[in-house]
Amino acid sequence: MGVVTLKITDSGALPGEPIYAKCSKIALHRIGEGEKTGWIELINMSSTYDLTSLRNITETLLRSRITAGKYDKIRFAWAEAIAVLNGSRVNLSVSQPGVTLSLELSISNGEERILLLDFKTNSTKARTDRLLQNSPTITILK
């Protein structure tokens with residue numbers, strides 16, 4: 001078994017009133033496995049984050065033991081998104097409710113790998129169009 005630590009940040013978030021997003025169902029996909037059977041769930045609970053507070057910082061989202069091997073994708077789902085506009089909470093539409101990103105991750109027994117998920121949220125769109133639109137990227141830090 002190895003360990004995966006997933007950190008999050010949001011380099012696209014601009015200062016201003018909070019934009020909250022609830023992220024859930026994070027999983028890694030084993031290379032060579034089927035699209036339905038190859039997913040290893042890392043977390044199935046929902047956590048809410050203020051994306052604007054993640055600008056220029058990282059926060060640990062999860063640390064999970066995982067079977068050693070090679071993984072080629074990570075996926076997560078947005079459960080909901082809310083912006084605070086002029087002091088009132090407003091539900092946002094989500095442009096991509098489910099996100100799958102490619103990666104090349106190899107984990108050996110006893111090894112820890114650290115991943116950084118950058119949401120890259122378009123804060124302006126969230127505040128003006130009431131749409132959570134982002135272009136997430138995944139980076140292997142270690």
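The values are calculated or read from the model by the stated rules, or taken from the named source; none is laboratory data. Just so it is clear, the model here is predicted, and its values are computed rather than measured. Cβ coordinates were reconstructed from backbone atoms using ideal geometry, including for glycine residues, and neighbour counts include every protein chain displayed.
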Failed condition for A68, given (1) touching a helix residue (DSSP H, G or I) at 6+ places or on another chain (Cβ under 9 Å); (2) more than 29 Å from S123 (Cβ to Cβ); (3) among the hydrophobic types (A, V, I, L, M, F, W, C): (1)
Some residue of segment 62-76 being within 12 Å of I19 (Cα to Cα), among the hydroxyl-bearing types (S, T, Y) and either in contact with a Gly (Cβ under 6 Å, 6 or more places away or on another chain) or at pLDDT 85 or above (or both): no
Selection within segment 64-80 - of a type in the set (A, V, I, L, M), closer than 13 Å to V4 by Cβ and assigned to a strand (DSSP E or B): I66, I74
Residue match in segment 104-125 (condition: free of Cβ contacts under 8 Å to residues at least 60 places away in the same chain, polar (S, T, N, Q), over 19 Å from Y20 (Cα atoms) and in a strand (DSSP E or B)): yes
Residue list for segment 23-35, filter: within 15 Å of G98 (Cβ to Cβ) and surrounded by fewer than 16 Cβ atoms within 10 Å (Cβ to Cβ): S24, E35
Test: A13 is surrounded by 14 or more Cβ atoms within 10 Å (Cβ to Cβ), assigned to a strand (DSSP E or B) and among the hydrophobic types (A, V, I, L, M, F, W, C): no
Single residue of segment 78-111 satisfying the filter (of a type in the set (D, E, K, R) and exposed (fewer than 12 other Cβ atoms within 10 Å of the Cβ)) that is modelled with the lowest pLDDT: R89
Residue in segment 53-63 that is assigned to a strand (DSSP E or B), in contact (Cβ under 8 Å) with a residue 60 or more places away in the chain and closer than 30 Å to N109 by Cβ present: yes
Enumeration of residues in segment 126-142 that are outside any loop (DSSP other than H, G, I, E, B) and either touching a strand residue (DSSP E or B) at 6+ places or on another chain (Cβ under 7 Å) or among the basic types (K, R) (or both): A126, R127, L131, L132, N134, T137, I138, T139, I140
Positions within segment 36-46 being assigned to a strand (DSSP E or B) and surrounded by 15 or more Cβ atoms within 10 Å (Cβ to Cβ), in sequence order: W39, I40, L42, I43
